[in-house]
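Only one structure is covered here, and it is reproduced in the block below.
The values are calculated or read from the model by the stated rules, or taken from the named source; none is laboratory data. Computed from a prediction, not measured in an experiment: that's the story for all the values here. Here the Cβ positions follow ideal geometry from the backbone for every residue, glycine too, while neighbour counts run over all protein chains shown.
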Amino acid sequence: MELKRERADWQEYELLDSGHQEKCERFGEVIVVRPEPQALWSPAGTEVWQQATVRFEQRGDDGNWRVIKEPPESWLVSWNQLRFGLRLSSFKHTGVFPEQAVNWAYLQSILKPGDQLLNLFGYTGGATLAALSAGAEVVHVDASRPAIAAAKHNAELSELADRPVRWIEDDVVKFVQREIRRERRYEVIVLDPPAFGRGPRGEVWRFEIGLQPLLFACRELLKPGGQLLLNAYSLGFPALVVEQVAREVFSEATSIESVELCLPEQAERGFLLPAGVTVRVKL
């Protein structure tokens, strides 16, 4: 397996510095310090850290935001023509995963007008917006009502709300099983599964248990020549593990590649912070 590295390209987001298991990031005008277990090196400097607006302080499995300068309740950042509404939330999130811009650009490069895309565990809709902007028709599925509301809001901000998209609040596994019975087919499927999650009716998702059967189900939904993008981030599994599961399921694939998603530091040393892995499957 050859692991490619691709860098997220932004104008309104920057990884300013990282080190001592933290990262200092700029989302628009808001500078955020968050835990980053992989940053085992020392920070490149001190000045940008002193300009932080907020800092997430981890305490065991929990934590809270410490306000240094009062941030806006919500604010906007743009990636190309896509716009995202951000706010500080629990679990140290802001509402967007900036490393995923690598995948948004990839989707825009492969999709044609009228293509059908299924976005599973769609969160706040980055992949959905990228697909809509390329002229694709999208089915966006997530078990979280607030996440779907945020995705709809981002579609409105991006002036894409009138594009062909279905917003589905449902357990991903159950929805996929129904799509198989309906004999639906898609050109592209995007999966961004969490390590653990619960569906709207208490359904339990565990990555290490649910991944393989879900991929087998998704194989039935892909059209000949279709593509599947599988994201795995912060889960502790090497890229090789995730890729080999995909190789088992999609044994007939014409190509399978793993891409390490990286955030480049703005510090002069230019360290790359690994932020997840995407496995791309082409039938």
request  = From 242, 249, 281, grab the single residue that is touching a strand residue (DSSP E or B) at 6+ places or on another chain (Cβ under 7 Å), over 29 Å from residue 145 (Cβ atoms), touching a residue at least 24 places away in the same chain (Cβ under 8 Å) and not charged (D, E, K, R).
outcome  = 281
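So that you can scan it fast, the table gives a plain yes or no per residue for (1) of a type in the set (Lys, Arg); (2) assigned to a loop (DSSP other than H, G, I, E, B); (3) surrounded by fewer than 21 Cβ atoms within 10 Å (Cβ to Cβ); (4) in contact with a helix residue (DSSP H, G or I) (Cβ under 9 Å, 6 or more places away or on another chain):
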position: 217; (1), (2), (3), (4): no, no, yes, yes
position: 225; (1), (2), (3), (4): no, no, yes, no
position: 228; (1), (2), (3), (4): no, no, no, yes
position: 237; (1), (2), (3), (4): no, yes, yes, yes
position: 260; (1), (2), (3), (4): no, no, yes, yes
position: 263; (1), (2), (3), (4): no, no, no, yes
position: 278; (1), (2), (3), (4): no, no, no, yes
position: 281; (1), (2), (3), (4): no, no, no, yes
request  = Within the range 30-88, track down each residue that is closer than 20 Å to residue 147 by Cα and of a type in the set (Asp, Glu).
outcome  = 73
ask   = Could we say that residue 212 is within 20 Å of the chain's Cα centre (by Cα), outside any strand (DSSP E or B), modelled with pLDDT of 95 or more and of a type in the set (S, T, N, Q) here?
value = yes
request  = Enumerate the pairs (first residue in the range 82-96 and modelled with pLDDT under 90; second residue anywhere and surrounded by 19 or more Cβ atoms within 10 Å (Cβ to Cβ) and in a loop (DSSP other than H, G, I, E, B)) with beta-carbon separation below 8 Å, excluding pairs fewer than 6 apart on the same chain, so at least 6 apart or on different chains.
outcome  = 89/95
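Pick from 60, 85: which is on the phi > 0 side of the Ramachandran plot and among the small types (Gly, Ala, Ser)? I'd like the intermediate steps shown before the answer.
Details: 85 fails: on the phi > 0 side of the Ramachandran plot.
Answer to the selection: 60.
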All positions within the range 32-61 that are of a type in the set (S, T, N, Q), at pLDDT 95 or above and within 25 Å of residue 237 (Cα to Cα) = 42
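Test of understanding: among 182, 206, which residue is at negative phi and at pLDDT below 95?
206
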key: Sole residue being among the basic types (Lys, Arg), over 30 Å from residue 41 (Cα atoms) and not in a loop (DSSP other than H, G, I, E, B), chosen from 178, 184, 201   = 178
ask   = Based on what the data block shows, is residue 203 among the acidic types (Asp, Glu), over 26 Å from residue 168 (Cα atoms) and either in contact with a strand residue (DSSP E or B) (Cβ under 6 Å, 6 or more places away or on another chain) or in contact (Cβ under 8 Å) with a residue 24 or more places away in the chain (or both)?
value = no
request  = Give me the pairs, please: first residue somewhere in the range 111-129 and over 21 Å from residue 85 (Cα atoms), second residue anywhere and among the acidic types (Asp, Glu), beta-carbon distance under 6 Å, and either six or more positions apart or on two chains.
outcome  = 115/187; 116/137; 116/187
